[in-house]
1. Accessible area per residue of the stretch 329-397 at 1.4 Å probe, in Å²?
2. Is the C-alpha gyration tensor of the stretch 235-388 telling us rounded, prolate or oblate? Criteria: a/c under 1.5 is rounded; beyond that, a/b larger than b/c is prolate, otherwise oblate.
3. Return the sequence-ordered ³J(HN,Hα) values of the stretch 343-354 in whole Hz as given by the Karplus equation 6.51 cos²θ - 1.76 cosθ + 1.60 applied to θ = phi - 60°, using x for Gly and Pro.
4. Grab the Cα-Cα distance for Lys286 and Ser328, subtract it from 0.36 nm times how many residues apart they are, and report the gain in nm with one decimal.
5. Setting aside same-chain residues fewer than 8 positions from Lys254, which lysines have a Cα under 17 Å from its Cα?
6. Is there a quick way to get the dipole size of the stretch 225-371? I mean about its Cα centre, with the Cβ of Lys and Arg at +1 and of Asp and Glu at -1; what is the value in debye to the nearest 20?
7. Quote the Stokes-Einstein diffusion coefficient, in whole µm² s⁻¹, for the stretch 46-138, based on the Kirkwood radius over alpha carbon pairs, a temperature of 37 °C and a viscosity of 0.692 mPa s.
8. For a quick check: with amide H placed at 1.01 Å from N, whose amide H comes under 5 Å from Leu60's, ignoring anything fewer than 5 positions away on the same chain?
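The values are calculated or read from the model by the stated rules, or taken from the named source; none is laboratory data. Small disclaimer: the values here were computed from a predicted structure and weren't measured. So basically every Cβ, Gly included, is an ideal-geometry build from the backbone, and we count neighbours across all protein chains shown. We work out accessible area using only protein heavy atoms, side chains counted, and drop any ligands, DNA or RNA first. Shrake-Rupley method; radii C 1.70, N 1.55, O 1.52, S 1.80 Å.
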Amino acid sequence: MKRILFALQLLTITLLLIVSCKPKSTNSQQNGNSIGAAPVDKERTVPILSFDDKALFETLSYSNIIQSVNYIPLETKEEAFIGRRVTGIKRIRDKYMIISRDGMNASFKLFNTDGTYYTEALTMGRGPVEMTYFSSYAFNDSTGLVTILDSEGGKAVKLDIVSLEKTRFSVSNGIKYAKLVALDNGNYLSLATNYNSKRTADKLVPYMYLLNQDFQIVDSLCDMVNREKKTIEGVDGPELQEFLSQYPGGAIYKDLLNDTVFFIDNNLHIKPIAIFDIGKRKPTLKESNNDSWEKKKNKIYIRNIDVMDNYIHVTYDYDKLLYEAIWSLESGQLLYQSSSDLIGINISCDSFHGRMPINNYIGNKLCFPANAADLITVIPGLKPDDNVVLVEITLKN
């Protein structure tokens with residue numbers, strides 16, 4: 001009963017904090033921040049996800065929630081090789097876009113679904129449709145567009161995944177965008193990184209923007225909550241984070257100060273889909289800004305949140321270790337939990353066993369790159385020095 005009351009209090013407080021402000025008129029101005037339709041089960045009760053529960057297992061396998069595994073060896077030729085550090089795998093239309101880094105060099109390569117190499121999607125440089133360094137990117141399967149922002153936040157390149165046409169344009173409104181999300185209708189969502197510089201005691205300030213296709217602000221969400229993240233000499237360790245990520249029909253959002261995960265649709269309508277029960281291990285903003293690692297190790301700092309059709313995956317720091325946890329969105333049960341010095345989920349399937357960082361989620365599928373040398377006993381004819389292999393794991397419904 002205490003947990004239920006605690007969850008209801010959190011949900012009520014969170015909904016009260018989210019207040020709409022509209023610098024320009026849109027349809028959502030009439031609807032306010034009402035709860036709107038979302039591509040999640042409308043009958044599903046919002047689950048309470050506890051970090052204190054005991055997980056059912058510590059490794060993903062066929063015996064628990066893995067339904068099937070698909071191995072996709074990427075074509076082995078010079079122009080197709082992936083950099084040493086893969087930072088993203090995105091499925092767009094009938095292509096895989098793999099973002100990787102090798103030192104300071106970044107690469108956006110396209111592969112067909114059978115693993116054959118298609119083309120280099122974007123070349124880093126100083127040409128007309130190039131950029132020297134990118135800060136963020138957004139993609140959408142419905143529009144077939146990939147949008148990439150440079151590190152200064154003033155320029156961007158749009159790539160049409162079908163025609164491969166590239167368009168470079170300037171973002172001249174003076175705002176540096178964070179965690180950009182491309183929506184199905186061609187618009188964008190972004191967190192407001194300059195929130196704190198504008199905040200006053202009596203003024204509502206945006207913390208999220210709705211942008212049109214030309215990056216003009218057409219709507220926003222705002223409140224008077226202090227989210228100021230300070231840089232203090234001698235303070236180290238993790239810090240509280242805001243989350244905004246792609247999801248079919250909209251985006252997933254979690255504020256750094258509350259415990260509710262929301263779905264946000266194309267018109268800024270909000271629907272809660274999960275509530276974290278962190279208990280006494282929840283850090284305050286003051287602790288995040290001021291505490292040393294020795295104090296922070298006793299709190300849970302969430303690094304990343306990924307929402308699937310039936311599951312939610314969270315990476316977090318606790319006790320100076322990296323934890324991975326997977327809950328059922330239907331029952332709220334903690335299914336998987338493990339900890340390590342390195343990020344990644346323990347996986348055991350076929351003759352492959354290891355801890356792998358997950359780079360992409362599509363429905364109930366998770367995807368990661370594996371070295372060819374680790375799969376030579378699984379895939380006939382594979383050589384140790386071949387290009388990486390994409391591993392697609394489908395979880396049970």
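1. Computed with neighbouring chains in place, this is 43 Å² per residue.
2. oblate
3. Working through the residues one at a time gives 6, x, 9, 6, 10, 9, 8, 6, 9, 9, 9, x Hz.
4. Full-extension gain reported as 11.9 nm.
5. Lys179, Lys229, Lys271, Lys282
6. It works out to roughly 260 debye.
7. The calculation lands on 202 µm²/s.
8. Long-range HN contacts for Leu60: Asn346, Ile347, Ser348.
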